[in-house]
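Just below is one structure, and these are the notes that go with it.
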Amino acid sequence: MTEETLEITKEVAKVVAKDVYNDGIKGTVVQTGEIIESVVGLFNNVVFYLVKKANALFKYKLEDFKNELEEKLSPIPEDKIVEPDLMIVGLALEALKYTYDKDELRNMYLNLLTSSMNKDIKDKAHPSYVEIIRQLTPLDAKVFKRLQDLGQVACAHAILKIDNSNRVYSSAYPNYIVMELIFKGK
């Protein structure tokens, strides 16, 4: 190939490349760019909307949490309020992320945090209580609250044996009593 042929080939390649780009590839590249832009826009509008909404909700919940904690600490004299044990506060705040909207459980965590900040009773607040609360449902928390409000509740495990039979009845504690415990006296 001569020098002149090489130059002509280069010029033809440039012209053909422009035509190939304009006629075939450009549309695909532009369309791909539009698709990517649409996906990013969708992500921004859907996912970031949820993040933005969560941030606004988080700010509200943070302020609400602060107010509830201050309210629970208000009866404690200021000189009796101490920094809580990091194990308790860290675990409790982590667990609160998942149960903040459950009033009964949030209240239990707040009570634990308040106890861990009260100099007189902080030794009674144990990090394992966070794990116990974490395993409860809101109904469990209501039952415990009701039991606490009642003060003392008679508990027994009755085993019944009927004479002249081989039948033994155990754990004959009807389910409705749990609901009665929660809602009686309200």
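The values are calculated or read from the model by the stated rules, or taken from the named source; none is laboratory data. The structure displayed is predicted, hence computed values, not measured ones. Virtual Cβ from ideal backbone geometry, glycine too; neighbours counted across all protein chains shown.
Which of the residues that make up the stretch 80-118 are of a type in the set (D, E, K, R) and in contact with a strand residue (DSSP E or B) (Cβ under 7 Å, 6 or more places away or on another chain)?
Lys80
Read through the list (1) modelled with pLDDT of 85 or more; (2) part of a helix (DSSP H, G or I); (3) of a type outside the set (Lys, Arg), then give the number of the only condition that Glu83 fails.
Result: Glu83 passes all but (2).
Spot the failing condition for Leu112; the list is (1) farther than 25 Å from Pro138 by Cβ; (2) at pLDDT 85 or above, and only one is missed.
Answer for Leu112: the failing condition is (1).
Pull up the stretch 113-135, narrow it to residues that are outside any loop (DSSP other than H, G, I, E, B) and acidic (Asp, Glu), then point me to the one that is nearest to Leu93 (Cα to Cα).
Ranking the qualifying residues of the stretch 113-135, first place goes to Glu131.
Matching residues to (1) modelled with pLDDT under 70; (2) assigned to a helix (DSSP H, G or I); (3) not acidic (Asp, Glu):
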site: Gly33; (1), (2), (3): yes, yes, yes
site: Ile36; (1), (2), (3): yes, yes, yes
site: Asn44; (1), (2), (3): yes, yes, yes
site: Leu50; (1), (2), (3): yes, yes, yes
site: Lys59; (1), (2), (3): no, yes, yes
site: Phe65; (1), (2), (3): no, yes, yes
site: Lys72; (1), (2), (3): no, yes, yes
site: Ile76; (1), (2), (3): no, no, yes
site: Asp79; (1), (2), (3): no, yes, no
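Do we have Leu181 as modelled with pLDDT under 65, part of a helix (DSSP H, G or I) and farther than 24 Å from Asp64 by Cβ here?
Yes.
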